[in-house]
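Single-structure report; data block below.
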Amino acid sequence: MTSSVPAVQVQRTDGPSPRAVLLDMDGTLVDTEGFWWSAESEVFAELGHVLGEEHRQVVIGGPMTRSVAHLIAVTGVRQTFDELSVLINARFTELIGRGVPLMPGARRLLTELAAHQVPTALVSASHRHIIDIVLRSLGPENFALSVAGDEVTHTKPHPEPYLTAAAGLGADPAECVVVEDTLTGVASAEAAGCRVVAVPSLVPISAAPGRTVVTSLEQVDLTFLRSVMAPAT
């Protein structure tokens, strides 16, 4: 069920707004890492293997190729990578279908961007069917478009996802701000020529030219995004 959107008082802020704001999904707007671990744990438990917490630290935040390969190695299950991937993806889809928690500050930021009519896109490496489920929690009305990992030829860290989103909104990438939580996503956005606000979730990210690092989306509002777009002095 889509959460209700709180009212926001529209106020004038100085400086030009970004032409568009492009937002990553997992780890940036929604907290899904726990769902992946639950899906993996439940599938392996059904196969007779209880996963200890020490394995969570190895697989969390990584690609499925790495996490499933590790779990196969430590448990010795007979199922193949492809078989396990199907089972885990199906369980993950089932779990997130019940709703996903938003990261602190995400709802307020989306509401403010919508109130000021700033074009906004969701740009994720997740596949379309996953994005469509998560959009029920985020509110599809908050995004002019979304770009899924199975809809591009090259996914992050390649620039194609963010170039595709910017083009879809009719915006020059240099006039867009991207909000990301991983180095892979930051690399994609910077390669596309966008300004970046990094909100690290699992791995530290350092500030750099054209990149601003914050600790939480609660620090990000339209005034902040306008400051990110301001020319360096």
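The values are calculated or read from the model by the stated rules, or taken from the named source; none is laboratory data. The structure displayed is predicted, hence computed values, not measured ones. Every residue, glycine as well, gets a Cβ built from its backbone with ideal geometry; the counts of neighbours run over all protein chains shown. Surface accessibility is based on the protein's heavy atoms, side chains included, excluding ligands, DNA and RNA. Shrake-Rupley method; radii C 1.70, N 1.55, O 1.52, S 1.80 Å.
Helices from the chain with mean Kyte-Doolittle at least -1.0 and a Cα length along the axis of 18 Å or more, per DSSP H: which? Before the final figure, lay out each step's value.
Details: long enough: 33-46 (20 Å, -0.31); 81-96 (22 Å, 0.75).
Qualifying helices: 33-46, 81-96.
Quick one: which residues, 5+ away or cross-chain, put their amide H under 5 Å from the amide H of residue 146? H built at 1.01 Å from N.
Correct list: 122.
Label 7 Å along Cα→Cβ of residue 129; segment 136-178 residues with amide nitrogen under 19 Å?
Taking a point 7 Å out along Cα→Cβ of residue 129, the residues of segment 136-178 whose backbone N falls under 19 Å are 136-137, 147-152.
Equivalent-ellipsoid semi-axes (√(5λ), Cα gyration tensor) for the chain, whole Å, largest first? Don't skip to the end; give the middle numbers.
On the way: eigenvalues 223, 67, 49 Å².
The equivalent ellipsoid of the chain has semi-axes of 33, 18, 16 Å.
In deg cm²/dmol, rounded to 500, what helix-only [θ] at 222 nm does the chain give when every DSSP H run of at least 4 residues adds -39500 (n - 2.57) and the total is split over its residues? If you can, show how the numbers build up before the last one.
Values: 9 runs with 97 residues, N = 233.
For the chain, the value works out to -12500 deg cm²/dmol.
Considering only C-alpha atoms, what is the centroid distance from segment 25-48 to segment 134-197, in Å?
So the two Cα centres are separated by 24 Å.
Kindly report the accessible area of the chain per residue (heavy atoms of protein chains, probe 1.4 Å, no ligands, DNA or RNA), in Å².
Working: 11130 Å² over 233 residues.
Ligands and nucleic acids excluded, the figure is 48 Å² per residue.
With charges only on Cβ, +1 for K and R and -1 for D and E, what is the dipole size of the chain about its Cα centre, in debye, rounded to 20?
Working: 15 positive and 26 negative charges, 79 e Å.
Using only the charged Cβ atoms, the result is roughly 380 debye.
Quick one: grab Rg to one decimal and Dmax as a whole number for segment 159-216, Cα atoms only, in Å.
Answer for segment 159-216, Rg first and Dmax second: 10.9, 32 Å.
For segment 28-111, I need the span (max minus min coordinate) of the C-alpha atoms along each principal axis, in Å, sorted largest to smallest.
48, 23, 19
Using 0.36 nm per residue of separation minus the Cα-Cα distance, give me the extension gain between residue 90 and residue 226 in nm, one decimal. Could you put the intermediate results ahead of the total?
Numbers: separation 136, 0.36 × 136 = 48.96 nm, distance 4.06 nm.
Fully extending the segment from residue 90 to residue 226 adds 44.9 nm.
Which order do the peptides 142-149, 121-128 take when ranked by the mean count of other beta-carbon atoms within 10 Å per residue, highest first?
On the way: 142-149: 19.5, 121-128: 22.1.
Top to bottom by mean Cβ count within 10 Å: 121-128, 142-149.
Tell me which residues come under 5 Å, amide H to amide H, from residue 212 once H is placed; ignore anything under 5 positions away on its chain.
Residues meeting the criterion, in which the H sits 1.01 Å from N, are 196, 197, 198.
Starting from the Cα coordinates of segment 106-166, work out the convex hull volume and express it per residue in Å³. Working shown, then result.
Details: hull volume 4.6 nm³, N = 61.
Convex hull volume per residue, Cα atoms: 76 Å³.
Please state the equivalent ellipsoid semi-axes for segment 108-233: what are the square roots of 5 times the Cα gyration tensor eigenvalues, largest first, in whole Å?
21, 17, 15
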